[in-house]
1. If you check Ile624, Ile584, Ile600, Ile667, which single one turns out to be assigned by TED's automatic domain parsing to the domain that holds Asp558, more than 30 Å from Ala454 (Cβ to Cβ) and touching a strand residue (DSSP E or B) at 6+ places or on another chain (Cβ under 7 Å)?
2. What do you reckon, is Asn411 modelled with pLDDT of 90 or more, outside the structural domain of Ile140 (by TED's automatic domain parsing) and under 29 Å from Pro148 (Cα atoms)?
3. Within segment 31-69, restricting attention to residues that are surrounded by 22 or more Cβ atoms within 10 Å (Cβ to Cβ) and touching a Pro at 6+ places or on another chain (Cβ under 9 Å), which residue is farthest from Ala143 (Cα to Cα)?
4. Among the candidates Asp310, Asp336, which residue alone is of a type in the set (D, E, K, R), more than 19 Å from Pro240 (Cα to Cα) and over 16 Å from the mean Cα position of the chain (by Cα)?
5. Among the numbered conditions (1) in a helix (DSSP H, G or I); (2) in contact with a Lys or Arg (Cβ under 8 Å, 6 or more places away or on another chain), tell me where Lys145 comes up short.
6. Anything in segment 286-303 that is within 21 Å of Ala541 (Cβ to Cβ) and assigned to a helix (DSSP H, G or I)? List them, or say none.
7. Go through segment 410-445 and give me each residue that's β-branched (Val, Ile, Thr) and without any contact (Cβ under 8 Å) to a residue 12 or more places away in the chain.
8. Please go through segment 662-676 and give me each residue that is surrounded by 14 or more Cβ atoms within 10 Å (Cβ to Cβ) and under 25 Å from Pro84 (Cα atoms), ordered by number.
Amino acid sequence: MSDEVYRSEQQNLLVNFYENKKDDTISVIAPTSYGKSELILSTVKEYAGKKICVLTSTKALLIQTKKRIQQISKDIFPKIVVHPEMYNPNDSSCLAVLTQERLLRLFKKDPQLSFDCIIVDEAHEMLDNNNRSQTLANVIIVAQKRNPKVAFKFLTPFLADSTNLKARYTTYDIEGFKVSEYIKTEKYFLYDLRNYTGLKLYDQFLKKYIPISDNQNFDFEEDVVKAYSAGKNIIYLNKPTDIEKFALTLADVFPEVESELIQTACDSISEYLQPQYNLLTCLRKGIIYHHGSVPDVIRIYIECLYKNDDAIRYVITSSTLLSGINLPAERMFILDNKRGRSNLSHDSFMNLVGRVCRFSEIFNHENGNLYRLEPQIYLVFGKYFAQNANGEKFLHKVAKVEQNYKDAVDNVLLSEAKITSDNEEKLRQASEFIENYENGVVEDYQERYISTAAGKACIMNGITEFDVFAHEATIQQRVDAYQSESLKISNSNTLLETINELFIQHLPDNGAENLKRLEKKEARNFYSMMFEWRVKNKSYAEMINLFVGYWQQLYKKDRNATIYVGKWGDVKYPGSNVARYTKIDGKNRTQLVNLAIVRIKEEQDFIDNTLIKYVEVLHDLSLIEDGFYAQIKYGTDDERTICLIKNGLSLSSATLLIKKYRELFQIDVPASTVVYSKNLVTEMRKAEENQIQIYEVQSCM
């Protein structure tokens with residue numbers, strides 16, 4: 001027991017191990033809810049007066065982590081850096097909570113910056129074969145190059161071997177602690193809707209199924225969920241389209257709930273977005289859904305609502321839940337065996353089921369229950385499982401206890417990744433990028449070096465969609481021509497045409513589908529329109545109306561008009577094997593509004609995560625007017641509003657505070673800090689501001 005907290009034997013050993021390795025690089029492999037968050041807090045305290053960074057895998061987790069740290073860091077660090085522009089090179093100490101992409105931009109901003117400690121949360125994600133995993137390895141490589149004594153703290157709910165977290169071109173060794181004790185033991189149930197075999201209990205220790213006769217026969221997933229649900233339930237599906245479809249189907253079997261909180265939330269979301277949003281239909285029935293295409297501010301708001309209102313019993317979610325997002329629940333229903341294009345792995349499955357019955361809920365003084373040490377997990381084998389899936393074999397594979405699992409190390413920038421003829425070229429490209437980003441990283445480097453300012457700007461801004469080395473001379477020639485004319489970009493049309501002329505034509509034929517679309521004039525016009533909306537500070541509700549109006553105009557011109565909608569598509573474009581388009585014909589306003597909501601979110605993500613990199617290159621090369629650049633990046637050129645945005649607020653909330661509540665906070669623009677009055681939220685409530693914006697402001701205080 002410590003500080004009135006009772007620990008298990010291995011929790012106690014973990015804390016002692018962690019405290020004895022304060023200056024060392026270590027890994028902690030422990031199940032969800034085992035206390036990794038407390039380790040982060042203790043490390044922040046330990047590195048007071050130094051420079052420490054907590055790396056999170058998503059923006060949602062960044063906000064959650066920042067809020068948790070904020071409570072103990074106020075007297076230790078003057079601010080928490082959550083955006084590269086918040087960092088002041090003159091600060092002697094620094095506490096940063098960033099995604100890997102933001103840290104890479106921060107390293108670019110200050111070539112002298114080095115950290116004393118970097119905590120990598122959800123560290124297992126570094127093993128994957130994707131751009132984000134490679135970026136995570138990149139920042140670890142750069143961090144150690146700049147400070148060979150930096151201490152990395154790798155935290156993960158699962159990993160077979162800690163040495164698999166070792167990045168190439170680094171010298172750190174990892175000492176690991178792995179929890180092996182069982183405190184929670186899941187009870188797995190399989191309900192087979194395909195073969196009509198009813199409910200079975202799966203014993204993961206005996207590796208066998210036990211039929212359960214409860215005289216209940218169901219034909220649909222929603223009936224199974226309704227029959228076996230508890231007070232708070234998580235329902236897993238893979239595709240956002242399936243999530244929204246099932247949420248509405250489940251809503252049909254429940255009556256509306258009575259809750260003032262829900263009514264207020266519905267009013268606020270209706271005002272912020274549109275009253276036709278499908279989430280509102282579900283929310284009134286005590287159901288929310290949660291996936292990557294739900295607007296960030298809405299997702300964070302409804303997560304809080306789910307935690308605080310017992311009337312909301314169901315959250316239907318995708319693998320976004322796997323990235324450390326914590327929601328209270330005592331029962332889980334898994335309706336899909338996929339994560340992305342692959343099957344749920346054993347590790348992902350165990351991470352998923354670990355999200356229910358967290359220790360903080362089990363051992364809660366007010367409503368804790370030791371029965372929750374045996375959380376009930378229901379696999380519903382029905383229409384959402386892959387056509388060729390076998391429910392029994394799948395559960396046996398992912399839930400079986402005694403297996404000698406090995407990590408799949410697919411990131412070529414990790415030392416233990418096997419380099420074959422298939423990925424040798426990928427390693428060469430990754431090595432070229434990191435050596436040109438941070439010279440001296442790769443020992444005995446024999447590959448290409450960048451030779452132009454344009455090429456260097458591309459590398460420093462993370463341009464990897466085309467071969468920068470092969471095309472930098474051509475790009476530089478065009479840049480020189482622009483600079484000789486002393487003309488700077490000051491409007492969206494010119495911006496998109498310049499990006500197309502300088503970069504898009506160099507994209508390979510078989511990659512970067514989103515960017516390749518910019519070869520078409522229609523696509524450039526569309527993103528020019530999106531940028532103009534940003535410059536004009538359009539609200540989300542206004543953008544939805546503009547989107548729907550834009551589509552309706554297309555329909556008036558051509559009754560067979562199709563629009564690009566990405567994962568929401570049901571029409572294949574000629575020459576493509578994937579349905580990325582849909583027809584406007586036959587869709588009513590509610591369908592168009594809901595399509596607009598997810599597409600705005602996805603298009604904003606594309607702009608903020610991909611297209612903005614090319615804007616940054618143009619700015620670094622002095623081809624964009626500073627005021628226009630600020631408007632494109634932030635939606636405003638007002639320094640005070642930009643400071644609020646850097647500190648975590650959306651543009652709409654930042655604008656609201658500047659306009660109506662200026663006397664209730666202090667802004668230090670050079671230091672990128674904001675100090676809020678304790679009365680701010682009270683005054684916003686008195687003025688009956690939108691609850692979503694009130695909650696957003698409260699989260700940043």
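1. Every option except Ile584 fails the conditions.
2. yes
3. Checked segment 31-69; the qualifying residue farthest from Ala143 (Cα to Cα) is Tyr34.
4. One residue alone meets the criteria, Asp310.
5. Lys145 satisfies every listed condition except (2).
6. Asp296, Val297, Ile298, Arg299, Ile300, Tyr301, Ile302
7. The answer is Ile419, Thr420.
8. Across segment 662-676, the qualifying residues are Phe665, Ile667, Ala671, Ser672, Thr673, Val674, Tyr676.
The values are calculated or read from the model by the stated rules, or taken from the named source; none is laboratory data. All values derive from a computational prediction rather than experimental measurement. Neighbour counts are summed over all protein chains in view; Cβ atoms, including those assigned to glycine, are modelled from backbone coordinates with ideal geometry.
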